[in-house]
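Student: Pasting a structure below so you can have a look.
The values are calculated or read from the model by the stated rules, or taken from the named source; none is laboratory data. None of the values given here were measured: they were computed from a predicted structure. Heads up, the Cβs are rebuilt from the backbone with ideal geometry, glycines too, and the neighbour counts pull from every protein chain shown. Surface areas here come from the heavy atoms of the whole protein model, side chains and all, with no ligands, DNA or RNA. Shrake-Rupley method; radii C 1.70, N 1.55, O 1.52, S 1.80 Å.
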Amino acid sequence: VKVFKEVPADKIFVMDIYPSREIDTGLVTSRELVEATEKENVTYIGSAKETLEKLKPEIKSGDIVFFMSAGDTDKLARELTKNGQNYCTLYIVRHGQTEWNIKELTQGETDIPLNSEGIKQAKKLRKKLKDINFYAVFSSDLIRAKQTAETINLEKKLAIKTTKTLRERRYGGLEGTP
């Protein structure tokens, strides 16, 4: 809730990515999170289909649009911006592999570093993105995200802006469990 109150955005839309995970874990749902913010510019949308219907008319040329979530965010972003308007292009990267990914353990905000495969994945992505002219790099302050960003950014030498606001959601006692 604190993050949404501090984000300097005109509008924030929150959708369900894994509704069943929210129900199964008993954690705060996306809808409850939005209600707790008590801010008029934070809106709960729901499913990916509802998100498309709501956001299509909202996004205007020149808007800076930031999509952050798990799942098929890239497909959603492409669908929302495919009408040819001139948007800022954002490259959203998930961190490389960790030992907990292999063990299928919930990471949440537990600070787990990349394993050797995760470092290889980040290096491979660095090669793929080498010709992209980035203006800024943002990362969660968790080590796995910072290691991924630092590896990708190695030759570009941009200052990486780290923030807690880009952290994965916290799962409390479920972190470290399958």
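Student: Pairs needed: first member in the range 147-161, within 20 Å of Glu117 (Cβ to Cβ); second member anywhere, of a type in the set (Lys, Arg); C-beta distance under 9 Å; at least 6 residues apart or different chains.
Tutor: Note: pairs meeting the criteria are Thr148/Arg94; Thr151/Lys123; Thr151/Arg126; Ile152/Lys123; Ile152/Arg126; Asn153/Arg126; Leu154/Lys123; Leu154/Arg126.
Student: Please go through the range 72-101 and give me each residue that is among the polar types (S, T, N, Q), at pLDDT 75 or above and either part of a loop (DSSP other than H, G, I, E, B) or open to solvent by 50 Å² or more (accessible area, probe 1.4 Å) (or both), ordered by number.
Tutor: Gln97
Student: From the list Lys157, Lys130, Lys120, Lys161, exactly one residue is in a helix (DSSP H, G or I) and either closer than 15 Å to Leu90 by Cα or open to solvent by 40 Å² or more (accessible area, probe 1.4 Å) (or both). Which is it?
Tutor: Of the residues listed, the single one that is in a helix (DSSP H, G or I) and either closer than 15 Å to Leu90 by Cα or open to solvent by 40 Å² or more (accessible area, probe 1.4 Å) (or both) is Lys120.
Student: Still on this structure, I have one more. Which one is least open to solvent (accessible area, probe 1.4 Å), of the residues in the range 133-154 that are assigned to a strand (DSSP E or B) and among the hydrophobic types (A, V, I, L, M, F, W, C)?
Tutor: If we take residues in the range 133-154 being assigned to a strand (DSSP E or B) and among the hydrophobic types (A, V, I, L, M, F, W, C), then Val137 is least open to solvent (accessible area, probe 1.4 Å).
Student: Sticking with this one: Mind telling me which of the residues Ser69, Ser30, Ser47 ends up being modelled with pLDDT of 65 or more, among the small types (Gly, Ala, Ser), closer than 16 Å to Arg169 by Cβ and open to solvent by less than 70 Å² (accessible area, probe 1.4 Å)?
Tutor: Exactly one residue qualifies, and that residue is Ser30.
Student: I've got another one for you. Of (1) over 20 Å from Ile102 (Cα atoms); (2) open to solvent by 50 Å² or more (accessible area, probe 1.4 Å), Leu166 satisfies all except one. Which?
Tutor: Checking Leu166 against (1) over 20 Å from Ile102 (Cα atoms); (2) open to solvent by 50 Å² or more (accessible area, probe 1.4 Å), the one that fails is (2).
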